[in-house]
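Comments concern the structure below.
Coordinate-derived values only; no laboratory data. All values reported here derive from a predicted model rather than from experimental measurement. Because the Cβ atoms are built from the backbone with ideal geometry, glycine has one as well, and the counts that use them run over all protein chains shown.
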């Protein structure tokens, strides 16, 4: 489901036009787009989408027949989706109000950012950030951070968090120094106890953003879910009742960022494991790589192949064969 951002008081046509522009901003538009309501700038929209797709894209408002039936079905689905979202938003609003009361915040947070790190024995370290607000998870605004600082020792969670938050706040301060946009968080949730909270507070002071509320979520002594301790700068650790809806909400946020961090880490590790010496050869893309591996069986066999054998591979020109041979054999 996709919910466009529109100004207050927008009519159906304006909402629909905003939806089309935002939905296809990062997607390839189809050849035919069916609408329930005409939009004012349909010609301009068709031109823009056609240019993006590299072929003609038509926008149509069917009044009868099979296509009109498809539109009616889409409208039914949209109404049901909106009803679910409104119910979820009402529940979310109650949870955010409860969160503000439990953690003594100035008011219900409009944007919560939750951070986590993932690594195995320090390898392929990544940081992850998820965002949530009154409308639920803001999945289009999740961010992953490949740890770049080579001075960070394996398993240094403090160092990883410092890099991630530093990069996050540097970007926010550069893009929106006056905090007028909606990308600034008003609450940070950090995985960890007093030590992590102190380290993050130091980073926030360094960037002049220590006014943003920040809470550390630490497992209890036996590390059981439901016995979490919450840490804030200058306050004693505290816990919530095991059946408090706010506790469940925080657990879901923590589980979501952990899921995202683990998924990001696995993808990075799989990519690293899938790399071969062929990836460094100029001009060897996916198709040529497949052809070479199909012919020789392995990247190592390709690296040992003679020039005559390389020329026999389908899709490998004489010049490409020479490039391959020189890459693996010209050691100066």
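Once both labels are modelled 7 Å past Cα along the beta-carbon direction, what's the residue 23-residue 153 spacing in nm?
The answer from the label model is 5.3 nm.
Output the Cα-based Rg and Dmax of region 277-329 in Å, rounding Rg to one decimal and Dmax to a whole number.
Cα radius of gyration and Dmax of region 277-329 are 9.3, 23 Å respectively.
For region 12-102, just list the percent of Cα-Cα distances falling in each 5 Å bin from zero outward, please.
Spelled out bin by bin, region 12-102 gives 3, 12, 17, 18, 16, 11, 8, 6, 5, 3, 1, 0 percent.
In the P(r) worked out for region 112-273, what percent of Cα pairs fall beyond 19 Å?
Roughly 56 percent, once rounded to a whole number.
Semi-axes, largest first, in whole Å: what does sqrt of 5 times each Cα gyration tensor eigenvalue give for the chain?
43, 37, 18
Given a Förster distance of 22 Å, report the FRET efficiency between residue 219 and residue 83 from their Cβ-Cβ distance, rounded to the nearest 0.05.
Approximately 0.05, to the nearest 0.05.
Run lengths n ≥ 4 of DSSP H only: what is the helix-derived mean residue ellipticity at 222 nm for the chain, with -39500 (n - 2.57) per run over all residues, to the nearest 500?
-15500 deg cm²/dmol
Given Cα pairs under 8 Å that are at least 6 residues apart, what percent is the relative contact order of region 129-179?
22 percent
Determine by what factor the alpha-carbon radius of gyration of region 1-50 differs from 2.2 N^0.38 Å, reporting the quotient.
1.10
In whole Å and largest first, what semi-axes does the C-alpha gyration tensor of region 50-182 yield when each eigenvalue is scaled by 5 and square-rooted?
Values for region 50-182, descending: 39, 25, 16 Å.
What are the radius of gyration and Dmax of region 138-214, computed over its Cα atoms and given in Å?
Reported Rg and Dmax, both Å: 12.9, 38.
With the contact rule set at Cα under 8 Å and sequence spacing of 6 or more, what percent relative contact order holds for region 112-273?
So the answer I get is 25 percent.
Take every Cα pair under 8 Å in the chain that's 6+ residues apart, average their separations, divide by the length, and report that relative contact order as a whole percent.
This gives 11 percent for the chain.
Which one of 67, 289, 148 has the biggest mean-square fluctuation once the chain is modelled by GNM with Cα springs under 10 Å?
Answer for the Gaussian network model of the chain: 289.
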